[in-house]
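First comes the structure, then the notes that go with it.
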């Protein structure tokens, strides 16, 4: 299943996006947002995926091993960790826990070590087992679990869409390794039905771009429904020649949302539109290959000021890989 790695100089030579991620990765394998900053499991996995997609498999392996060492007994991870390994945010984000399945699938399909992937399957098994255990019969999975073990009283649309995709990644990972996990397929079907048919069930985050494009990116919706969803709010979130607004009620465009939206457009077959959108991230790229988290327009002020994040660079790498038909395209090649 391995696809061709991203090999353009923009991403793999000194001063590239991947070099910027490698510069941030710590010796223990953790990939913080920026040097000396914190890490969260979801964005850590995103950066690991970018490393795997570009052939940096040794660094990707260290990232996966860091996750294995930090996994809690119940299969979860805390929401955020300090660069010294201490806990920054004690709650658990369920979509971040599930995303490890997508990270291991990308690593394996990119040509990663089969032995490590097999060892990481045990990590994925515990992680998805934790997430599935929180599900209700109607498919709802709370977006977080508090430090005391109490699940949140509501679910989030983007997070649930991500969980749907991660459960599918887990299924495909299991199949690649000659295993079966039917409970993951059942849970994905329940989550998917809720996202597709009962959007009003979720907390109202309609002002966030992620709630708009994630059901399409994650493959929850069929092709026609996904296209209709994206078309309905393109003019609200996409700023011509600038990128995607993080929120429809604010003036900043962000690298990660722009790259992710490009993946969503590509997933529904709008390759030209996806490429044009992804090209706007050039305006957020710094000379060392890193990417600004965001810019406020029209004044072009950095937001947050001076912040260049590893997950922003990773999102651009992964979107580029999707558009070029690399391994990430295969990982996201699934429509409901």
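Worth a mention:
- Of all the listed residues (59, 73, 47), the sole one being at pLDDT 95 or above, over 16 Å from residue 290 (Cα atoms) and part of a helix (DSSP H, G or I) is 59.
- Filtered residues of the stretch 272-293 (kept if out of contact with any helix residue (DSSP H, G or I) (no Cβ under 7 Å at 6 or more places or on another chain) and either within 17 Å of residue 45 (Cα to Cα) or at pLDDT 95 or above (or both)): 272, 276, 279, 282, 283, 285, 286
- Condition check for residue 172: surrounded by fewer than 24 Cβ atoms within 10 Å (Cβ to Cβ) and closer than 18 Å to residue 112 by Cβ: yes
- Per the listing 288, 272, the residue uniquely touching a residue at least 60 places away in the same chain (Cβ under 8 Å), surrounded by fewer than 24 Cβ atoms within 10 Å (Cβ to Cβ) and over 17 Å from the mean Cα position of the chain (by Cα) is 288.
- The residues of the stretch 81-102 that are closer than 19 Å to residue 171 by Cβ and not in a helix (DSSP H, G or I) amount to a single one, 99.
- Residue in the stretch 303-321 that is assigned to a loop (DSSP other than H, G, I, E, B), without any contact (Cβ under 8 Å) to a residue 60 or more places away in the chain and surrounded by 14 or more Cβ atoms within 10 Å (Cβ to Cβ) present: yes
- Filtered residues of the stretch 322-332 (kept if touching a helix residue (DSSP H, G or I) at 6+ places or on another chain (Cβ under 8 Å) and in a loop (DSSP other than H, G, I, E, B)): 326, 332
The values are calculated or read from the model by the stated rules, or taken from the named source; none is laboratory data. Worth saying up front: this structure is predicted, and the values here are computed from it rather than measured. All Cβ positions, even for glycine, are placed from backbone atoms using ideal geometry, and neighbour counts span all protein chains on display.
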